[in-house]
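Note sheet for the following structure.
The values are calculated or read from the model by the stated rules, or taken from the named source; none is laboratory data. Remember, predicted model here, so these are calculated numbers, not experimental data. No Cβ is skipped: glycine too gets one built from the backbone with ideal geometry, and neighbour counts run over all protein chains shown.
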Amino acid sequence: MKFMVIGADGQLGTDLLKVIPMEEVLPLTAADLDITDRNKVFELVYKHKPEMIVNTAGYSRVDEAESDAEGAFAVNVEGARNLAQAAREIGAGLVHISTDYVFSGKKNSPYQESDRPEPLSVYARSKLAGEEAVAGTLNRSFIIRTSGLFGVAGCLGKGGGNFIDSVIAKGKMGRPFSVVDDQFFSPTYTMDLARKISQLSRTEKFGLFHVVNHGACSWYELAVKTFELIGLTINFSPSRFAELNAATAAKRPSYSVLDNAHLRAVGLDDMRPWPEALSAYLLEKGVAAQ
Ligand SMILES: NC(=O)c1ccc[n+]([C@@H]2O[C@H](COP(=O)([O-])OP(=O)(O)OC[C@H]3O[C@@H](n4cnc5c(N)ncnc54)[C@H](OP(=O)(O)O)[C@@H]3O)[C@@H](O)[C@H]2O)c1
């Protein structure tokens with residue numbers, strides 16, 4: 001299958017290039033293609049005629065989006081729509097990546113694809129509108145909601161690195177710090193997500209999917225497990241989500257755990273538990289305890 005990967009130097013894009021055989025993939029960075037440029041999208045899609053486009057590009061600066069709705073909607077909605085329309089023109093499929101933030105957190109048990117989204121922020125509204133733009137344009141689409149990504153390339157959209165890298169750096173600095181212990185989600189290794197995208201996109205099982213590593217934890221629990229796996233004893237304290245949420249521009253859900261219900265229904269939910277995925281990530285980074 002011939003893939004076109006958008007956002008190829010991002011956290012997820014980098015891992016997609018590791019799992020999709022080189023001869024099957026055309027990687028495109030933002031320098032090669034800005035997805036908000038409709039003419040360029042159509043030009044490159046017509047030129048290369050991919051069978052499957054994977055859109056990992058996103059405006060992910062959640063707080064900045066509150067004062068830059070236009071920027072967030074341009075990438076997360078219009079960019080996604082451009083790709084879906086171009087894919088439809090040539091009969092290609094599209095994998096589009098969305099987020100656990102489309103939910104409000106009020107449910108307090110794992111969210112399935114059939115649960116009603118209730119976005120709390122501009123970023124979340126733009127991601128939900130992006131899902132709707134893709135689903136409304138293209139039948140041959142996979143919309144994949146995921147959560148708390150960690151991968152070796154780090155999230156470019158958030159200035160590089162990820163939560164795990166930053167908590168290790170803080171721990172090694174030796175100064176006191178705190179981590180939120182009452183906001184729960186499903187941390188997900190981009191290598192595992194990339195493998196699942198590669199597998200799912202070769203099927204005809206189009207639709208909306210939650211794809212996360214199994215289980216759930218708070219940011220505090222994720223930090224504790226990280227230090228345990230790298231063999232460091234670090235003292236840090238739990239903090240409250242309500243305090244963080246009051247201090248940031250964007251409101252976030254206190255609970256956004258996802259259940260891979262659709263993936264399970266189609267017999268493809270072999271995602272491993274997040275602690276195993278974290279262990280594999282730390283090994284790949286070369287920071288796991290020997
Ligand atoms: N990170 C998370 O925890 C998380 C959680 C849930 C969902 N997601 C979603 O998962 C997807 C991938 O996340 P990630 O962590 O891999 O993000 P990332 O590291 O920021 O990668 C995104 C890539 O898209 C590119 N890009 C941004 N705007 C673009 C545009 N207008 N046209 C073309 N390319 C553009 C970026 O390039 P430049 O940096 O050069 O602009 C970057 O290469 C995103 O859609 C995000 O919303 C992420």
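The one condition from (1) part of a strand (DSSP E or B); (2) under 17 Å from Leu193 (Cα atoms) that Ala57 does not meet is (1). If you go through the range 1-31 and keep only what is part of a loop (DSSP other than H, G, I, E, B) and either under 22 Å from Gly157 (Cα atoms) or without any contact (Cβ under 8 Å) to a residue 24 or more places away in the chain (or both), you end up with Gly7, Ala8, Asp9, Gly10, Pro21, Thr29, Ala30, Ala31.
If you go through the range 32-49 and keep only what is in a helix (DSSP H, G or I) and either modelled with pLDDT under 95 or of a type in the set (Asp, Glu) (or both), you end up with just Glu43.
Screening the range 209-290 for helices (runs of 4 or more DSSP H) wholly inside it with 1 or more residues that are in contact (Cβ under 8 Å) with a residue 12 or more places away in the chain and within 20 Å of Lys106 (Cα to Cα) returns the ranges 219-230, 241-247, 261-265.
Filter the range 95-142 down to the residues that are in contact with an Asp or Glu (Cβ under 8 Å, 6 or more places away or on another chain) and of a type in the set (Val, Ile, Thr), then identify the one that is farthest from Asp63 (Cα to Cα). Checked the range 95-142; the qualifying residue farthest from Asp63 (Cα to Cα) is Val102. Val167 meets each of the listed conditions (1) within 7 Å of the ligand (Cβ to nearest atom); (2) more than 20 Å from Leu17 (Cβ to Cβ) apart from (1).
Set side by side, the residues Ala87, Ala129, Ala69, Ala92 differ, and just one is over 18 Å from the mean Cα position of the chain (by Cα), more than 10 Å from the ligand (Cβ to nearest atom) and over 17 Å from Pro50 (Cα atoms), which is Ala69. The residues of the range 161-199 that are of a type in the set (Lys, Arg) and surrounded by 22 or more Cβ atoms within 10 Å (Cβ to Cβ) amount to a single one, Lys196.
Once the range 42-61 is narrowed to residues that are more than 9 Å from the ligand (Cβ to nearest atom) and among the hydrophobic types (A, V, I, L, M, F, W, C), the residue that is nearest to Lys251 (Cα to Cα) is Val54.
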